[in-house]
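The structure appears right after this line, and notes come after that.
The values are calculated or read from the model by the stated rules, or taken from the named source; none is laboratory data. Because the structure is a prediction, the values reported are computed rather than measured. Reconstructed Cβ throughout: ideal geometry from the backbone, glycine too, with neighbour counts over all protein chains shown. Side chains included, ligands, DNA and RNA excluded: accessible areas come from the protein's heavy atoms. Shrake-Rupley method; radii C 1.70, N 1.55, O 1.52, S 1.80 Å.
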Amino acid sequence: AFTGSTAAGRAERAGSQYPIVAVLSCSDSRVSPELLFEQGPGDIFVVRVAGNFVNPDGLASMEYAIKILGVPLLMVLGHTNCGAVAAAVEVATSRAELPGHLPELVASIEPAVITAHGKHPSDLVAATIEENVRLNVKRLIDDTPIIADALAAKKIAISGGVYDIATGKVGLI
């Protein structure tokens, strides 16, 4: 059983939630949006997938956050030293083969690898992490009808950022 700050307010949260932001983040165990934004239970609606990319389930979750929970802000949050992005770069640059369902996962990140590679960065993984955030922010912006309608009505904003694991800071993109 949880005690302390996680237990405080549990009864009030039991019947409803009123998050202030919906965050699409990586599944990486070092990236916890609630902790890095210093928010408590019920404050952030979190959707997580390794590589922080929009897939149908994540998109539906973000739509739920807007339509049902009234969240005014969506954020795509990447992070430094992302293993999923590094794997996608490795597959794209050296044709590495991955087991299981990992090829499907890295295929979702591959457009960011291609975009980043075209810019000839000195650090392809870091550039791909940023491009992956940009591309997935665009995917959210282009979603119809729920997200596009909420944007057009100025009911929501969409942002992207990269969490630096070493410094603990989030840089907006």
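General observations
- Set side by side, the residues 103, 111 differ, and just one is outside any loop (DSSP other than H, G, I, E, B), farther than 30 Å from residue 18 by Cα and touching a Leu at 6+ places or on another chain (Cβ under 8 Å), which is 111.
- Restricted to helices (runs of 4 or more DSSP H) entirely inside region 1-99, those with at least 2 residues that are at pLDDT below 95 are 10-13.
- Count - residues of region 35-48 that are under 13 Å from the mean Cα position of the chain (by Cα) and either at positive phi or open to solvent by 30 Å² or more (accessible area, probe 1.4 Å) (or both): 3
- Within region 37-65, residues that are closer than 21 Å to residue 168 by Cβ and without any contact (Cβ under 8 Å) to a residue 40 or more places away in the chain sit with their Cβ atoms under 8 Å from residues that are basic (Lys, Arg) and open to solvent by 50 Å² or more (accessible area, probe 1.4 Å), at 6+ positions apart or across chains, in these pairs: 41/10; 41/13.
- Just one of the listed residues (167, 128, 144, 115) is touching an Asp or Glu at 6+ places or on another chain (Cβ under 6 Å) and either at pLDDT 95 or above or open to solvent by 50 Å² or more (accessible area, probe 1.4 Å) (or both), namely 115.
- Checked against the criterion of being touching a strand residue (DSSP E or B) at 6+ places or on another chain (Cβ under 6 Å) and either assigned to a strand (DSSP E or B) or free of Cβ contacts under 8 Å to residues at least 12 places away in the same chain (or both), region 147-157 contains one or more residues that satisfy it.
- Any hit, region 79-88, residues being of a type in the set (Ser, Thr, Tyr), touching a strand residue (DSSP E or B) at 6+ places or on another chain (Cβ under 6 Å) and in contact (Cβ under 8 Å) with a residue 12 or more places away in the chain: no
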